[in-house]
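Read through the structure below, which is laid out as structure tokens, and then see the notes.
The values are calculated or read from the model by the stated rules, or taken from the named source; none is laboratory data. This structure is a prediction, so every number in the text was calculated from the model and none was measured. Cβ: placed from backbone, ideal geometry, glycine included. Neighbour counts: every protein chain shown. These accessible areas exclude ligands, DNA and RNA; they are computed on the full protein's heavy atoms, side chains included. Shrake-Rupley method; radii C 1.70, N 1.55, O 1.52, S 1.80 Å.
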Amino acid sequence: MRLAVALVLGTIGGVGMYAMAVALSPIQAEFGVDRAAATLPYTLTMIGFGLGGILMGRLSDRFGVMVPALVGGSALGAGFIVAGSAPNLTAFALAHGFLIGLGCSGTFAPLVADISMWFTRRRGIAVAVCASGNYLAGAIWPPLLQHFFSGAGWRPTYVGIDIFALASMPPLAFFLRRRAPLPALGAGPLSRRALEASPLGLSPNTLTALLSVAGVACCVAMAMPQVHIVAYCSDLGYGAARGAEMLALMLASGVVSRLGFGWISDRIGGIRTLLAGSVLQGVALVLFLPFDGLVSLYVVSALFGLFQGGLVPAYAIIIREYFAPGEAGMRVGIVIMATLFGMALGGWTSGAIFDLSGSYRAAFVNSIAFNLLNLAIALWLLRRAQRRPALLPA
């Protein structure tokens, strides 16, 4: 029941991430700005999401996950009503960054960290189910938002999201009142306390920093298709509706991917799962370069979703394997913040590269380069992991 509630909360809260992917062209037209400027609200949303994740993680570690879920739902609702009445791009972007981004943060990293405490043997699949709320949101919200944007306009639609979020999220948060159990530290030839002091032979902060750099790199790469596929389809002459369908297909495939990678991570561990996801995401990004036909883009979008869905949950699994349980909320929040900064950076740089070059081809090449950085870090961590055990079972 707890996992189901977390999944629903993540699905509702995820609307804040995907609203701007659909609203990009209408916002650009209404405020009369270029493509890079129109991506600023998305960039600030990801920054607010990321910074808020650390705050929400600390709140979760101290008070339980219900508190960040309540704060997140309230901030999300307030953000959409403020953004829906914004008189200019600056006000719209600030509402996305300070309120919608904070709202999103309460329904992702804290929930993932909390769920990881309730499972041992099936931790990977449980974390994957919880994290799938983020992608399930991407499968549900873009076509729904596109429908209402086309019929009623983006401003009334934003007000409608506000009403729905405030009506649904606080009651769901109360289902999570019970605090997560913290596994006791065990003893043995290599005690858990000794391992926690030197995970993978590194200091805890060094490993957290490395995972954060890997998170930035993988999500700069990930952002290009996720943020710009709707605008890309419009530029190719296929229309925004086709792009919204591709985004929904991509993220629906991501749900399948996250569940599949969760099952795999229970068998091969978080680092190997990260490496596999990095290789496959790189393959999918390369496929966007030669194929830009309508049918081809549907196929490649589906493949991209299937290939990259396991990356972000893998970081939470690695943290639970190599860090103390009492630090999970904060450290998951830090690494998730890094992935969201990557999404923010990737969304903005792709728009800036488009403005400079007049096409998205160079933006795809930029994404592939960042994916190679993520792959290099995953390989290096795997080499160290082969010499040192993880904190399993917990």
If the chain between LEU294 and LEU166 were fully extended at 0.36 nm per residue, the gain over the current Cα-Cα distance would be 42.3 nm
Expressed in nm to one decimal, what extension gain is obtained for the pair VAL279 and ARG62 from 0.36 nm per residue of sequence separation less their Cα-Cα distance? 74.4 nm
Where the chain is the region considered: accessible area per residue in Å², 1.4 Å probe: 36
Heavy atoms of LEU144: accessible area, 1.4 Å probe, square angstrom to 10: 70
What angle, in degrees between 0 and 90 and rounded to the nearest 10, separates the Cα long axis of helix 311-322 from the longest principal axis of the Cα atoms of the chain? 20
Kirkwood-based shape ratio for the chain, expressed as Rg/Rh from alpha carbons: 0.96
Take the solvent-accessible surface of the protein heavy atoms, probe 1.4 Å, and return the percent of it on the chain that carbon and sulfur atoms account for. 69
Please work out how much length the chain gains when fully extended from ARG122 to ALA241, using 0.36 nm per residue of separation minus the C-alpha to C-alpha distance, in nm with one decimal. 39.0 nm
Equivalent ellipsoid semi-axes - Cα gyration tensor, the range 262-384, angstrom: 29, 17, 12
Would you kindly calculate the translational diffusion coefficient of the range 42-121, applying Stokes-Einstein with the Kirkwood radius from alpha carbon pairs, for 10 °C and a viscosity of 1.306 mPa s, and quote it in µm² s⁻¹ without decimals? 126
Quick one: Cα centre-to-centre distance for the range 111-171 and the range 238-288, in angstrom? 18
Please give the helix 294-308 orientation as an angle from the longest Cα principal axis of the chain, in degrees from 0 to 90, rounded to the nearest 10. 20
Calculate the dipole size of the chain relative to its Cα centre from +1 charges on Lys and Arg beta carbons and -1 charges on Asp and Glu beta carbons; express the result in debye to the nearest 20. 1500
Against the longest principal axis of the chain, how steep is helix 361-385, in degrees 0 to 90 to the nearest 10, with axes from Cα atoms? 10
Prolate/oblate/rounded call for the range 208-270, Cα gyration tensor, a/c under 1.5 rounded: oblate
What number, in percent, do you get for the relative contact order of the chain if the mean sequence gap of Cα pairs under 8 Å and at least 6 apart is divided by its residue count? 26
In nm, to one decimal, how far is the modelled label at ARG267 from the one at ASP355, with both set 7 Å along Cα→Cβ? 4.7
